[in-house]
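Chemist: Mind looking over this structure? Questions follow.
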Amino acid sequence: MLSLPQGFKPTLLRGLDEVEEALEPLVELVDQDPNASLYLSMDAEWNVRRRLGVSILQLCPHMDPTVVYIIAVHRLSSLPPSLLRLLTSERVWKIGSQIKGDLTRLRKQFPSQLDDSIQFSIIDLKTYALAKGFIQPKQTGTLASLCETVLGVHLPKDQKTRANNNWEYPTISTSLLHYAACDVLASRRIFERIASENESYMMLPEKVEARQDGARSVQAQVLETELDIELYRRI
């Protein structure tokens, strides 16, 4: 069964300042090398009663050490600058299962910042797995099924946990945080497993120190790849 690393805790970001402090180093990382691409696994959850947009956004940069950010998007009146840069940069590839639907909901939630002229660079996991021969055309491509097929592990998808109206509580329960973090971490592991079979995909060996953040430094690995136009889409 897929689970979080021992002792791992996702980072909940509730306001603009917290989002900026966490994500600004990633933007700086992209700006340092105009030829590199950054890979960002992404997922979203929303209350059953929510008609527009999402409640939270989960981000897992492909970096070491592993970190998962859970952003309380429902509390934001506008997208913080760093988050907006990551979402709209053509060199930041957003990776996930049915990711187009999540970004469509975000676009409707923040129409002035994500208008129809904005294009997103995305990698849909089902499309990627199909193109690389990990699944067949008639196979399902849900996140849980890809976990079974690609990683050989079970991803718990309890309907009562996922489909509820508790994603916007002032304090999100530990079980919901764990569920949200497992989903986005699964996306990263599926992508990296498939990509490891692709010779054109390469992780740079050196780590790039983005900046000092309190007592710890934020370090990330930038990924380079030769982009296949059939696999990597902008929407």
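The values are calculated or read from the model by the stated rules, or taken from the named source; none is laboratory data. What you see is a predicted model, and the numbers here were worked out from it, not measured in a lab. Please note: Cβ atoms are built from the backbone with ideal geometry, for glycine as well, and neighbour counts cover all protein chains shown.
Chemist: Please count how many residues of the stretch 29-61 are touching a strand residue (DSSP E or B) at 6+ places or on another chain (Cβ under 6 Å), at pLDDT below 95 and not in a strand (DSSP E or B).
Modeler: 3
Chemist: So which residues in the stretch 91-127 are outside any helix (DSSP H, G or I) and more than 15 Å from the chain's Cα centre (by Cα)?
Modeler: 110, 111, 112, 113, 114, 115, 116, 117, 118, 119
Chemist: Residues being modelled with pLDDT of 95 or more and surrounded by fewer than 17 Cβ atoms within 10 Å (Cβ to Cβ): count how many of those fall in the stretch 75-99.
Modeler: 5
Chemist: Let me ask another. Restricting the first residue to the stretch 73-95 and requiring it to be touching a residue at least 12 places away in the same chain (Cβ under 8 Å), which pairs with a second residue that is hydroxyl-bearing (Ser, Thr, Tyr) and in a loop (DSSP other than H, G, I, E, B) meet a Cβ separation below 6 Å and a spacing of at least six or different chains?
Modeler: From residues that are touching a residue at least 12 places away in the same chain (Cβ under 8 Å), the pairs are 74/55.
Chemist: Only residues that are without any contact (Cβ under 8 Å) to a residue 40 or more places away in the chain, loosely packed, with under 15 Cβ neighbours inside 10 Å and either part of a helix (DSSP H, G or I) or among the small types (Gly, Ala, Ser) (or both): list them for the stretch 1-28, please.
Modeler: Correct list: 7, 17.
Chemist: Could I ask something else about it? Quickly run through the stretch 29-39 and pick out the residues that are among the acidic types (Asp, Glu) and exposed (fewer than 14 other Cβ atoms within 10 Å of the Cβ).
Modeler: Within the stretch 29-39, just 31 meets the criteria.
Chemist: Quick check on this structure: which one of 180, 195, 210 is surrounded by 16 or more Cβ atoms within 10 Å (Cβ to Cβ), in contact with a Leu (Cβ under 6 Å, 6 or more places away or on another chain) and either at negative phi or modelled with pLDDT under 70 (or both)?
Modeler: Criteria check complete, one pass: 210.
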